[in-house]
Amino acid sequence: MRFDTEWEYRSAAPGCGGNPLLKSIGWNPNQIWVLDLQTCEGAAFCPGGCSKADLEKHRVWVCPLFEPFLEWLYAELATKLFDDLPAYIDLPDAPFLMSGYRRQGKAHAA
């Protein structure tokens, strides 16, 4: 998902001064929100980075197709516009697993 008209929404929260909400909380227009429909978890990603590192950072619970899809998406968005992406893709080299997983990520200080 990519925000479009949501960028125009002005925050009513104190301290935001009626500025656009997404911009006020640090989002940038290049970010996309990728949701795993199987696990109902997702995160905001900025294409162009390393999909594996981004998944370790966010530690979302994902199905086996999520990382291969994110790699594909990053590669496609390097040369195409978001609106030009196909409605269906096939990932024949994606691993077959019976269940999803959550990456361990880095331990956080308590």
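Read the figures in this text as sums done on the coordinates, not as results from a lab. What you see is a predicted model, and the numbers here were worked out from it, not measured in a lab. Note that we place each Cβ from the backbone using ideal geometry, even for glycine, and neighbour counts take in every protein chain shown.
Figure legend. Inter-residue proximity from the range 74-91: first residues surrounded by 10 or more Cβ atoms within 10 Å (Cβ to Cβ), second residues part of a helix (DSSP H, G or I), beta-carbon distance below 7 Å, spacing 6+ or different chains. Indicated pairs: Tyr74/Ser51; Leu85/Glu76; Ile89/Trp72; Leu91/Pro68; Leu91/Phe69; Leu91/Trp72. Could you list, in sequence order, the residues of the range 55-84 that are of a type in the set (Ser, Thr, Tyr) and more than 16 Å from Met1 (Cα to Cα)? Correct list: Thr79 only. Scanning the range 30-48 for residues that are touching a helix residue (DSSP H, G or I) at 6+ places or on another chain (Cβ under 7 Å) and over 17 Å from Phe66 (Cβ atoms) turns up just one, Gly48.
Looking only at the range 49-62, residues that are out of contact with any helix residue (DSSP H, G or I) (no Cβ under 9 Å at 6 or more places or on another chain) and either in a strand (DSSP E or B) or under 19 Å from Leu91 (Cα atoms) (or both) come to 1 in all.
Filter the range 19-36 for residues that are exposed (fewer than 15 other Cβ atoms within 10 Å of the Cβ) and either in contact (Cβ under 8 Å) with a residue 60 or more places away in the chain or among the basic types (Lys, Arg) (or both) and give the result. Reasoning before the result, please.
Filtering the range 19-36 down to residues exposed (fewer than 15 other Cβ atoms within 10 Å of the Cβ) leaves 19, 23, 25-26, 28-30, 33, 35.
If the condition is that a residue be exposed (fewer than 15 other Cβ atoms within 10 Å of the Cβ) and either in contact (Cβ under 8 Å) with a residue 60 or more places away in the chain or among the basic types (Lys, Arg) (or both), then Lys23 is the only one that fits.
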